[in-house]
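Student: One structure follows; several queries about it will come next.
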Amino acid sequence: SSARVAEVITDAVRDVLGYPTNLVRLVDGDELHPVAITDEAERRLGERPVYRIGEGTAGRAFADGETLVYDDVRTVDDDYDRRTARASMFVPIGDHGVFQAISDDRAAFDRTDLRLAELLSGHVAEALERIRAERRLRERETELREERDRFAALFENVPDAVAAFRFADGDPILRSVQRALARPFGW
């Protein structure tokens, strides 16, 4: 699920990059909702705001598709809670959401951290895209199954005699016969 993939990224950033305070927000309509958060981030941040796309730090990073790094969040003028962190990094996850890492240290995120976070976010975006594609495929399969069942019910219950053909080299080949036609002709 998308939520499970988001949990994997928060765990990976905690364990691989060494930033225990991080979270993932995924798009729902025109908002970014927090869906995965490390225990340390939960403890320190408490209730996390929902950002509208284009608003706030996470919303701007997502809307612009560009990573935002703040060496000192006290310089940010957008109601960012400066009591919970000193530095912060916001990395878009394709068109799915945004990842955020937080540190108590000023200028905590170097180029290596940035590259690794962007690389990880790229892989997460691919995983989320596969989930989205699989969901669309299952929905389409369900629609096709329902359409086939409706057609089969119509085919069997129409009061007139009906047969389905396909053509091979211009000759009709009988594929199926409705009961009203099968009985009189013994098919």
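Student: So how many residues does the range 18-63 have that are more than 18 Å from ALA108 (Cβ to Cβ) and either small (Gly, Ala, Ser) or part of a helix (DSSP H, G or I) (or both)?
Tutor: Total satisfying the criteria: 12.
Student: Among all residue pairs at least 6 apart or on different chains, which show Cβ distances below 7 Å where the first residue, located in the range 139-167, is open to solvent by less than 100 Å² (accessible area, probe 1.4 Å) and the second is aromatic (Phe, Trp, Tyr) and not in a strand (DSSP E or B)?
Tutor: Listed by first residue and then by second, the contacts come to VAL162/PHE155.
Student: Check whether at least one residue in the range 86-94 is over 25 Å from GLU134 (Cβ atoms) and free of Cβ contacts under 8 Å to residues at least 24 places away in the same chain, and report yes or no.
Tutor: yes
Student: Can you tell me which residues in the range 102-127 are touching a helix residue (DSSP H, G or I) at 6+ places or on another chain (Cβ under 6 Å) and either crowded, with 22+ Cβ neighbours inside 10 Å or in a loop (DSSP other than H, G, I, E, B) (or both)?
Tutor: Hit for the range 102-127 is VAL124, nothing else.
Student: While we're here: Filter the range 64-76 down to the residues that are part of a helix (DSSP H, G or I) and either buried (at least 20 other Cβ atoms within 10 Å of the Cβ) or of a type outside the set (S, T, N, Q) (or both), then identify the one that is modelled with the highest pLDDT.
Tutor: Here is the first cut: in the range 64-76, the residues part of a helix (DSSP H, G or I) are 64, 73-75.
Within this subset, residues satisfying the condition of being either buried (at least 20 other Cβ atoms within 10 Å of the Cβ) or of a type outside the set (S, T, N, Q) (or both) are 64, 73-74.
Numbers: ASP64: 89, VAL73: 73, ARG74: 69.
Per the criteria, the residue is ASP64.
The values are calculated or read from the model by the stated rules, or taken from the named source; none is laboratory data. Please read all numbers here as calculations on a predicted model, not as lab measurements. Cβ sites come from the backbone with ideal geometry, for glycine too, and all protein chains shown count toward neighbours. With ligands, DNA and RNA removed, areas are computed over all heavy atoms of the protein, side chains included. Shrake-Rupley method; radii C 1.70, N 1.55, O 1.52, S 1.80 Å.
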